[in-house]
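Accompanying notes for the structure given below.
The values are calculated or read from the model by the stated rules, or taken from the named source; none is laboratory data. Keep in mind that this is a model prediction, so the values were computed, not measured. FYI the Cβ positions are ideal-geometry reconstructions off the backbone, even for glycines, and counts take in every protein chain you see. For accessibility, only protein heavy atoms count, side chains too; no ligands or nucleic acids. Shrake-Rupley method; radii C 1.70, N 1.55, O 1.52, S 1.80 Å.
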Amino acid sequence: MGALMPPSLELDMNIYPRQFLEPMPPTLSETPSYPDNNNLILMEEEKTIAMELAMSATDEVAKMCRTNEPLWVRNNETGKEVLNLDEHSRMFHWPLNLKQRSSEFRTEASRDSSVVIMNSITLVDAFVDANKWMELFPSIVARAKCVQVISQGVSGTNGCLQLMYAELHVLSPLVPTREAYFLRYCQQQNVEDETYWAIVDFPLDGFHNSLQTSFPLYKRRPSGCLIQDMPNGYSRVTWVEHAEIEEKPIHQIFSHFVHSGMAFGANRWLAVLERQCERIASLMATNIPDIGVIPSPEARKNLMRLSQRMIRTFCVNISSCSGQVWTAVPDSSDDTVRITTRKVSEAGQPNGLILCAVSTTWLPYPHHHVFDLLRDERRRAQLEVLSNGNALHEVAHIANGSHPGNCISLLRINVASNSSQHVDLMLQESCTDKSGSLVVYSTVDVDSVQLAMSGEDPSCIPLLPLGFFITPMELMNDGGCKDEANGHNITTGSLLTVGLQVLASTIPSAKINLSSIAAINNHLCTTVQQISSALSSNCIGYCNDGDNGKEK
């Protein structure tokens, strides 16, 4: 169990296939019921109309992906493309009579393009399978299901049309979840001697107008992506997001993040897709070098799947999805602390009453500085509140991306009570992309780790993950104007969301007491204070370095 050097990950895509080898099942131990819209089924006569709309929507999304000015106008200050709504209305006439845009709704539209490490067939397969789609976007898609298959298509993909349900979330209870029923169409097309796949979502307008919803109304306009194969198993993906969202107040700390389109825009979808494709490539790899105490490639794969469940559980449990009710803590200075409880009696999480607390704090530091502090077990051990003064020692390391911060670690917690019969371990995954970073961890015992690596079903291993979601906030122009969203005169910064979970009682029906709430709130506040202090003490080393924020 000596110190391990992180192995490098060569992303030469000729070495291994990029595909899901088997269906990925839902990974949550506790699955809330879906909204009661059982009558939401398209009749036979409606299916024909739906297929015609699918063709029209595909044409619209393809043109939105390929057309530049005057449809998309680049903002010289931010460098981002802005949809010209008047030009869009002139170019596209939706076949059904949609209501005119109302002041109650805000339009969001964005476009982005990127090259990802996955071939088009595998990507398409992930989009038409609701479970795989959730696994591909754990930090965006909280829940999803296929309500009705309207057309099977050829081989289950080309020409496939499905009625879908999804909940889209940001990892904080302060941002309302977006709930949508929509139709998803998949078609392979040939344009100008180029073959590509189109994945197109379009609304149910005209079919059903009385959907029950627990969240602000979210109207998904024709959106989606074009996927084109490139050499060596890569794909070029061009993504368009277009929606109308009911104008509801959002906590000011997240207002810029949401209103700027950073929260649900094409840029974030593509950034997460790039990252997840790298992770899946690593999952399928067979040529990874020495990986510490992990005995085999199959054990490595099983540990990665366990970590994936940990990430997904954390993401769902700290957001407002599934109708989770959060309560504000009155003593919170910025009014950003929220708490909730849930009863767990199924395998996968500790059984009993779980108390969860989440807070978000503005930090005047670039998000990669915050990420580097929290992902490094040697530096995080300096934070007394997170380590209880115990040193963390890495005994296994799985690199699963080109960035050194994209990895899974198995950490030994060096405490006095450790013996040859009892060793405390921590499973941690850190991941980063241009849209944000995650550091998630959970204590596990040696027997559970051995069970997972031996190939046994790991779904019964109880995980109660804690962690951090770090969002970059490049808010200011060069003139240093005041940031209206967060009240700071600063050119760069980040939002740090901390999510803590504790087993308040082993009895699911137990009642929470005020002392438990006070204790977890105090722990949360102390955590944020210690992180801020650690970043402040390192600021001189960061800020005096002119080489893009490398620490001295």
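Is there a residue in segment 538-551 that is open to solvent by less than 80 Å² (accessible area, probe 1.4 Å) and at pLDDT 90 or above?
Scanning segment 538-551, I find no residue that is open to solvent by less than 80 Å² (accessible area, probe 1.4 Å) and at pLDDT 90 or above, so the answer is no.
Scan segment 125-150 residue by residue and report those that are open to solvent by less than 30 Å² (accessible area, probe 1.4 Å) and farther than 19 Å from L283 by Cβ.
Within segment 125-150, V128, A130, I140, A142, R143, A144, Q148, I150 qualify.
Kindly indicate which of L355, L363 is aliphatic (A, V, I, L, M) and within 25 Å of C407 (Cα to Cα).
One residue alone meets the criteria, L363.
Taking the condition under 16 Å from H523 (Cα atoms) and within 21 Å of the chain's Cα centre (by Cα), does T336 pass?
yes
Would you point out which residue out of E298, E274 is open to solvent by 40 Å² or more (accessible area, probe 1.4 Å) and within 30 Å of V82 (Cβ to Cβ)?
Sole residue among the options that is open to solvent by 40 Å² or more (accessible area, probe 1.4 Å) and within 30 Å of V82 (Cβ to Cβ): E274.
Picking from G153, G224, G206, which residue would you name as being at positive phi, crowded, with 24+ Cβ neighbours inside 10 Å and either modelled with pLDDT of 95 or more or not assigned by the TED database to the domain that holds E429 (or both)?
Details: G153 fails: crowded, with 24+ Cβ neighbours inside 10 Å; G206 fails: crowded, with 24+ Cβ neighbours inside 10 Å.
The match here is G224.
Among the residues of segment 278-325, what is the count of those that are without any contact (Cβ under 8 Å) to a residue 40 or more places away in the chain and among the aliphatic types (A, V, I, L, M)?
1
Give me the pairs: first residue in segment 333-350 and among the basic types (K, R), second residue open to solvent by 60 Å² or more (accessible area, probe 1.4 Å), beta-carbon distance under 7 Å, and six or more apart or on different chains, which are they?
Going by the 7 Å Cβ cut-off, the qualifying pairs are R338/T327.
I want to confirm something. Restricting to segment 431-456 and keeping residues that are of a type outside the set (A, V, I, L, M) and outside any strand (DSSP E or B), which single residue is most open to solvent (accessible area, probe 1.4 Å)?
K434
Out of S459, S417, I need the residue that is assigned to a helix (DSSP H, G or I), in the same structural domain as P366 (by the TED database) and modelled with pLDDT under 85. Which one?
S459
Name the residues in segment 322-347 that are farther than 18 Å from L500 by Cβ and surrounded by 19 or more Cβ atoms within 10 Å (Cβ to Cβ), would you?
S322
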